[in-house]
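Worksheet: one structure, shown below.
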Amino acid sequence: MKILTEKLKQKAHELGFQLTGVALAAQPARLQKLHEWLDAGMAANMLYIDQRRAAYQHPTHVLDGCKSLLMLGLPYLTSQTQKPPLVAEKPGQGLIARYAQGDLDYHDTIHGKLKELKAWLQAAEPEATIRGVVDTAPLLEREFAELAGLGWVGKNTLLLNPRWGSYFFLAALLTNLELTADASFGNGHCGTCTACLTHCPTGAFPAPYVLDANRCLSYLTIEHREPLADDLAEQLGDWVFGCDICQEVCPWNRKAHHSEEPTFAPHTELAELELLQLLAMDGQAFREHFRQTPLWRTRRRGLLRNAILVAGNQRLVDAQAALLKLLQDEEPLLRGAAAWSLARIAPGQWCDALQVALANEADDDVRESLKKALAQPTAPVS
């Protein structure tokens, strides 16, 4: 199998997977840590993880009869990718994580490559069973990638590689073939560095190597579909989708190499997101702009909620007209966020509009947001 394994890796490299390594199928050593993390409620509302808890016990729950996994890393940092500052460069712009700045959802890009890789292996071994997955199967990808020699799990819980930093996607090709296993990466190289932990604005790392999704900006801006608590809304800063802070401050990302994958090249509209344009989008306009991009995951209600909160954090005066209109939006999530932001931008100055909205509001969460906004003292005249 050694020759086949090397040829399979070569094919993966040709498809753009710069990191390749084989791990044997086994029960993950960190399985108990997963159970403890779930029991502590740190998965927040990602209930699907707990619902599939038993499936993480062994890769055979992803592919029946799995004996080995070809772990793959696809870097997404291109030479054109905008380096996201920790704050917006000018008012009216929102920040988007690097991985989401391209025109195409990375799942589509990776699934296409996995399909080609699977077809190559199937042609070489017609009787083999094979399955390619990317971050949706019940598989502890980072642990198997570590076992396959792709890198080590850092204190921010991301996989780190000396050449590529952490700016890469993980994928796996599972098979019942006994591929030749690689040596695990061994000890990590984070040392005494705690930059990722200390720079997290929400304190999402209660301890090294532990992430509390309840306070993670990436989770809150993408997966969390409810109103944000006031303190978290403030700590959102300028992030409209995702967050790169714990990666951006990591020393291993200072000289990370670039990918040549064209679908990851940033689209200007996403790399320099204009809040006012986004706040004006109805459902149809949102679909036309973002249907094939990673931002589609949040749908309009999620992304606009984030943009509304960012406008409030920036005290973006030019957004007031759009926010007043959003007080009447069909989505309760957006109505409540608009009330919060108006109170931040111009406290005490939109009482009539807020009172009218309150009189017509039936949603309890939105009513509470409107009452809080009305209770804000009028800003002093400078």
Checklist entry - If the chain between residue 40 and residue 127 were fully stretched, how many nm would it gain, using 0.36 nm times the residue separation less the Cα-Cα distance? => result 27.0 nm
Checklist entry - For the chain, what is the percent of antiparallel DSSP beta bridges, rounded to the nearest 5? => result 95
Checklist entry - Scaled to the compact-protein estimate 2.2 N^0.38 Å, what is the alpha-carbon radius of gyration of region 257-307, rounded to two decimal places? => result 1.25
Next on the checklist: Could you sort the peptides 36-48, 143-155, 253-265 by per-residue average Cβ neighbour count (10 Å cutoff), highest mean leading?
Outcome noted: 143-155, 253-265, 36-48
Checklist entry - Among all the lysines, which ones have a C-alpha under 30 Å from residue 371's C-alpha, if same-chain residues fewer than 8 places away are not counted? => result 325
Checklist entry - So, counting K/R as plus one and D/E as minus one, what does the shell of residues with Cβ under 11 Å around residue 159 add up to? => result -2
Checklist entry - Label residue 115 and residue 52 with points 7 Å out from Cα along Cα→Cβ: what is the distance between them in nm? => result 2.0
Item to check | Simple label model, 7 Å out from Cα along Cβ direction - residue 225 to residue 349, nm | outcome: 3.6
Checklist entry - Among 102, 21, 65, whose mean-square fluctuation peaks in a Gaussian network model of the chain (Cα, cutoff 10 Å)? => result 65
Checklist entry - Quick one: accessible area per residue over the chain, 1.4 Å probe, rounded to a whole number of Å²? => result 46
Next on the checklist: Rounded to the nearest percent, how much of the accessible area of the chain (1.4 Å probe, protein heavy atoms only) is carbon and sulfur?
Outcome noted: 50
Item to check | Listed residues 233, 321, 339, most fluctuating in the chain (Gaussian network, C-alpha, under 10 Å) | outcome: 321
Next on the checklist: Please compute the length gained on full extension between residue 103 and residue 90, using 0.36 nm multiplied by the number of residues separating them and subtracting their Cα-Cα distance.
Outcome noted: 2.3 nm
Next on the checklist: Rounding to the nearest 10 and keeping the result within 0 to 90°, find how far the Cα-based axis of helix 106-124 lies from the longest principal axis of the chain.
Outcome noted: 10
Checklist entry - Between the helical axis of 351-360 and the dominant principal axis of the chain, each derived from Cα atoms, what acute angle in degrees is found, rounded to the nearest 10? => result 70
Checklist outcome for this item: With 0.36 nm assigned to each residue of separation and the Cα-Cα distance removed, residue 321 to residue 292 gains 7.5 nm
Checklist outcome for this item: Per the helix-only model, the chain has a calculated mean residue ellipticity at 222 nm (DSSP H runs of ≥4, -39500 (n - 2.57) each, divided over all residues, rounded to the nearest 500) of -11000 deg cm²/dmol
Checklist entry - Which one of 353, 306, 293 has its Cα pushed farthest toward the positive end of the charge dipole of the chain, where Lys and Arg give +1 and Asp and Glu give -1 at the Cβ? => result 293
Item to check | Charge dipole magnitude, Cβ of K and R +1, D and E -1 - region 219-266, Cα centre, debye nearest 20 | outcome: 280
Checklist outcome for this item: Most fluctuating of 134, 87, 249 in the GNM of the chain (C-alpha, under 10 Å) is 87
Checklist outcome for this item: Rounded to the nearest Å, the spacing of the alpha-carbon centers of region 295-311 and region 1-78 is 30
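The values are calculated or read from the model by the stated rules, or taken from the named source; none is laboratory data. Remember, it's a predicted structure, so these values are computed and weren't measured experimentally. Reconstructed Cβ throughout: ideal geometry from the backbone, glycine too, with neighbour counts over all protein chains shown. Keep in mind that these areas ignore ligands, DNA and RNA; they rest on the heavy atoms of the full protein, side chains included. Shrake-Rupley method; radii C 1.70, N 1.55, O 1.52, S 1.80 Å.
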